[in-house]
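Comments concern the structure below.
Laboratory data are not the source of any read-out in this text; all were calculated from the coordinates shown. If you're wondering where the values come from, they're calculated on a predicted model, not measured in any experiment. Cβ sites come from the backbone with ideal geometry, for glycine too, and all protein chains shown count toward neighbours.
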């Protein structure tokens with residue numbers, strides 16, 4: 001068994017092709033490394049280093065790439081720029097530089113899960129190499145906000161930021177608790193019933209927090225291993241993003257190939273079943289974005305009206321059924337067409353339009369009729385007419401065309 005390994009620089013992935021079907025053990029090992037089979041390109045693709053691949057494929061014989069072709073390097077994300085990170089109750093220092101003043105809040109997720117929110121002060125920039133920073137400022141509307149970030153227990157620096165946030169909270173709570181005690185011991189009349197009870201509850205909650213914080217262990221400052229773990233997580237996330245992008249591209253490619261093959265078959269079948277007849281309208285496909293028409297040059301494909309009705313109607317319906325995707329409303333395919341022939345009076349006519357396949361217009365004739373019906377009630381600028389028209393030439397044209405479609 002021989003195999004070829006190719007680095008895909010665009011996705012940072014590895015692609016493996018075999019001269020024969022690999023053994024069940026090799027396939028299982030590839031799947032264990034998250035490799036997947038591409039049914040179109042006939043390759044296995046995934047992310048693994050040379051040592052891992054050698055362990056899996058060591059029994060085979062690699063095929064050398066052509067001379068002069070330089071192997072594509074695997075893309076990597078930028079590593080963390082900071083060598084020394086110091087996290088304090090009032091901010092962050094990078095490599096001994098100026099303190100980036102910050103504020104913190106704890107567990108403010110909607111589900112109450114453990115978390116730390118970090119807010120920059122004085123419009124300072126939070127270090128984007130350490131975590132994902134959010135900022136929705138909009139200079140066009142003169143709306144400016146400060147950098148903020150949210151991290152959970154899975155972040156390597158979580159324990160350091162959590163301790164800093166708790167320390168900042170403790171520094172505020174200690175003097176505030178003294179003020180609450182002074183209020184309770186002042187002997188002043190209660191402003192309203194239950195006011196002092198609310199103060200006692202607040203005081204008890206804050207004292208409980210201070211007691212817990214007094215027992216908390218100071219984790220110290222981040223280490224080189226912590227920063228290396230950030231890089232590892234970023235690389236893993238980048239690989240996952242590229243894998244998802246790669247998978248999406250493959251799905252789109254396979255969908256394109258299916259649309260092209262099935263559409264081409266549909267055109268051939270309907271054109272043969274409904275050939276062009278003398279004296280009947282002819283539909284010319286000027287151009288189309290749909291893959292089904294890629295085999296034809298512009299202004300090359302000529303169809304009978306029944307064939308065009310069936311072909312465009314089918315492609316329109318199929319595309320409409322797949323337009324709703326996880327990313328929102330999908331696309332349609334613009335298709336320009338021209339219908340020529342003679343009318344009931346023997347006069348030649350030519351009608352040109354654009355059919356957006358995927359809008360679910362219900363076929364070519366219904367597409368033309370809907371266009372005319374719109375202008376029964378609207379003018380050329382889209383304004384509603386005070387008095388709708390009783391007839392429209394386009395609607396009458398659609399009625400005439402329907403006579404040729406069984």
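Below, the figures for the structure above:
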item	result
Candidates 143, 123, 160: whichever shows maximal mean-square fluctuation once the chain is modelled as a Gaussian network with Cα springs under 10 Å	143
Protection-proxy order for peptides 204-216, 283-295, each taking the mean of Cβ atoms within 10 Å per residue, highest first	283-295, 204-216
Sorted peptide list for 115-122, 183-190, 11-18, criterion being average Cβ within 10 angstrom, highest first	11-18, 115-122, 183-190
Relative contact order, percent, the stretch 85-222 [alpha-carbon distance under 8 Å, six or more residues apart]	22
Separation of alpha-carbon centers, the stretch 84-112 and the stretch 1-56, rounded to whole Å	43
Listed peptides 93-101, 379-387 by packing density, highest first (mean Cβ within 10 Å)	93-101, 379-387
Value of relative contact order over the chain, rounded to a whole percent, pairs C-alpha under 8 Å and six or more apart	10
Within the chain, percent of DSSP bridges classed antiparallel, to nearest 5	95
Ranking of 397, 349, 161 by count of other Cβ atoms within 10 Å, fewest first	349, 397, 161
Overall form of the stretch 2-62 per C-alpha gyration tensor (a/c, 1.5; a/b vs b/c)	rounded
Prolate/oblate/rounded label for the chain (Cα gyration tensor, a/c 1.5)	oblate
1, 172 arranged by Cβ crowding within 10 Å, fewest neighbours leading	172, 1
Cα shape, the stretch 233-298, gyration tensor, a/c 1.5 rule	prolate
